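Structure first, then comments.
The values are calculated or read from the model by the stated rules, or taken from the named source; none is laboratory data. Values in this document were obtained by computation on a predicted structure and should not be read as measured data. Neighbour counts are summed over all protein chains in view; Cβ atoms, including those assigned to glycine, are modelled from backbone coordinates with ideal geometry.
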Amino acid sequence: MENKEQTTAVEQQYLWAVGLDTEVFPPESLLGDRYRVISSQIVVDTDTFSLPELPLEFQTYVVSYLKLSRLSLHLPRPYGLLLLGEELNLSEIFLLENVPIDRQGNLCPTLAEAWKQASALRQINLLWQVLNLWEPLAEQNMTRTLIDPKLVRVDGMWVRLLELQADVAAVHISQLGDIWVQWLDFAKPEIAEPIAEFFYSLGRGEYDINSAIAYLDKLSLKVMQDQPLTVRIASATDVGQQRDHNEDACYPDIKRQKRTEQADSLRDRLAIVCDGLGGHDGGEVASSLAIKTLEQQLKTLLHQAENDSDFSAQGFIAQLEMVVRVVNNQIVAINDQQQRQAQQRMGTTLVMAVIPHPHGQPSNEVYVVHVGDSRLYCVTKDNLRQVTLDDDVATRETTLGYNFYAYSSQRIDGGALIQALGTRGSDMLVPRIQRFSIDEDCVLLLCSDGLSDFDRVEQVYDDYLLPILTEDKPLGRSCQDLIDRANELNGHDNITVAVMRCRFAPADADEDAVGTDEQTNLLDGSEDDVDTEDILPNPQTVSTVGGELTTVANNVDHEDQESETNNDLDSAKTEFAVPQQTNRTFIIVLILIALLLGSGLAAFQFPQVRNWVQDNLPTSLKKFVPPNS
């Protein structure tokens, strides 16, 4: 019973009612016999199994909300539109979901309130988020929202808007400086001087959006020099309950979870999940190839970032996009070579979290690269936030302004992917790249839809995700527990998770490597889930249909060993061909073959060889041994 109550609390959805007359509809009253008023403009839907009411046509401001709904970390999303009253006296109530209301049904604090209590790193982060919202809101003429103190709220480490307000007059970012300068008395001592200079300069109009963001980027890096941030990563994958093979892949590789087995430039900085498409002879090859190519490309890219004196966020984003296109082109080339068409073309989703170290300095900035419907969630002690949005038909219909998500998701093809790596040329690919800063202990969860389907991530928050932050539970064990729970709740698909735990504390010596016992157990438990191309020692043994694809995947796989030489594949073949323990029968057979071919006669010129054969060879075969010379 206790667990059921906890799940209900997580699933409780609070809505914000724009245009609600609180005098006419006090708390506990109903709107349209369906929406119960909790307090002020906060309501809940009492009939979540029915679609919300919508008018036949949307006004312009509603379309703006829909187009901005891709910014789901920060903006509300349209839920329903009620028309109450008589024909000549209709009142419109616009219902918004994904609003800054906590799990107890209370409005989150305003930016001004939260800024006063925040750490130096969070003070910078909150301002940075506001500036990054400026341009997308300006495109819809909604920047006035950012200068309204009641509408800009803070939920944990996220800036979130309660509702949008249209620009009725010109709005300039200098107005932000005029507002923020009033908060200087509450600036933390370590940033008080540079932030004061920034506020006054911003108010005088000396910054545009890009240069203002760049200033806060540099200030954040400076503060991070004195902040011990420890990142640890683990991953796991499972075939699920209904599939006969695993098309998912992840980084860190399930066979190389120890930090010492990972490249220096990638260690504690990279997590990837890929969900292959295209069936047994394609999907698993595409996902594995994507992982291996990304690993190689990012080794170079992250090393360059450490030594690049001109490092910039925009430049790094452009390079990440280029890397994704390289992966896409490789898979496309194999599809074309194999003459795969339509649904036969193999591909893979991608979700990746990267933490660079610009100029060799520690950073709290995370870059998220996303294609398809694999997801990334950010878990903190206060909330769970889905960072990525699926590249599916329902999301596209919503963000184009065609329909509310509740209706778009009801389409027969609502969950169908609109893009994945390898299915089309790079000129048609639109990888989503986001960046954000972390300023408190958190966990970044990357997962395939084997876990995320049916809102399972939200349901496991209390019992499986929150303990990763609050308990010293090994990450490998946490990954396996998530997979076990996903198999209980879903199980219809492959399940892959990667957990990136970020703590503002010095590294614990016990975390520097996964325990030998734990690692052995995890590998033993997932032995059946290793992709076919990862375990075949000789690519030539693969069937004709998948042989060439698997050969490519194997070659890339072996290039990633620490020696980084091309001899590893040959070593694997040799190890497969020669038994570790050579028995007597095996030697006899070899000698007989050599005798028949005439190539082993010379060996019998040595008495030791001839005597050994005479002693061990069956009597019926001794006649083949040449006599003493």
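Here are a few things to note about the model shown:
- Condition met for Ser235 (within 22 Å of Arg485 (Cβ to Cβ), among the polar types (S, T, N, Q), outside the structural domain of Gln123 (by TED's automatic domain parsing) and in contact (Cβ under 8 Å) with a residue 40 or more places away in the chain): yes
Results for (1) touching a residue at least 24 places away in the same chain (Cβ under 8 Å); (2) of a type in the set (Asp, Glu); (3) in a helix (DSSP H, G or I), shown as yes or no for each residue.
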{"position": "Arg267", "(1), (2), (3)": "no, no, no"}
{"position": "Gly276", "(1), (2), (3)": "yes, no, no"}
{"position": "Ala286", "(1), (2), (3)": "yes, no, yes"}
{"position": "Gly315", "(1), (2), (3)": "no, no, yes"}
{"position": "Met322", "(1), (2), (3)": "no, no, yes"}
{"position": "Asn328", "(1), (2), (3)": "yes, no, yes"}
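- Restricted to strands (runs of 3 or more DSSP E) entirely inside region 18-99, those with at least 1 residues that are under 30 Å from Leu146 (Cβ atoms) and out of contact with any strand residue (DSSP E or B) (no Cβ under 7 Å at 6 or more places or on another chain) are 35-39.
- Any hit, region 97-104, residues being surrounded by fewer than 19 Cβ atoms within 10 Å (Cβ to Cβ) and more than 26 Å from Ala187 (Cα to Cα): yes
- When residues in region 435-462 are screened for being under 10 Å from Tyr377 (Cβ atoms) and of a type in the set (S, T, N, Q), 1 of them pass.
- Taking region 144-198 as the range and being free of Cβ contacts under 8 Å to residues at least 40 places away in the same chain, in a helix (DSSP H, G or I) and under 27 Å from Asn383 (Cα atoms) as the test, the residues that pass are Thr145, Leu146, Ile147.
- Consider region 351-362 and keep the residues that are closer than 13 Å to Leu270 by Cα and in contact with a strand residue (DSSP E or B) (Cβ under 9 Å, 6 or more places away or on another chain). The one that is surrounded by the fewest Cβ atoms within 10 Å (Cβ to Cβ) is Ile355.
- Selection of first residues in region 454-470 that are surrounded by 17 or more Cβ atoms within 10 Å (Cβ to Cβ) and of second residues that are of a type in the set (Lys, Arg), restricted to Cβ pairs under 8 Å at least 6 apart or on distinct chains, gives the following pairs, ordered by first then second residue: Arg456/Arg485; Val457/Arg375; Val460/Arg485; Tyr464/Arg485; Leu466/Lys381; Ile468/Arg501; Leu469/Lys381; Leu469/Arg501.
- Matching residues, region 251-265, being part of a loop (DSSP other than H, G, I, E, B) and acidic (Asp, Glu): Asp253, Asp264
- Filter result for Tyr215 (free of Cβ contacts under 8 Å to residues at least 60 places away in the same chain, assigned to a helix (DSSP H, G or I) and not polar (S, T, N, Q)): yes
Okay, residues lined up against (1) part of a helix (DSSP H, G or I); (2) aromatic (Phe, Trp, Tyr); (3) within 28 Å of Asn328 (Cα to Cα):
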{"position": "Lys381", "(1), (2), (3)": "no, no, no"}
{"position": "Asn403", "(1), (2), (3)": "no, no, no"}
{"position": "Ile433", "(1), (2), (3)": "no, no, yes"}
{"position": "Phe454", "(1), (2), (3)": "yes, yes, no"}
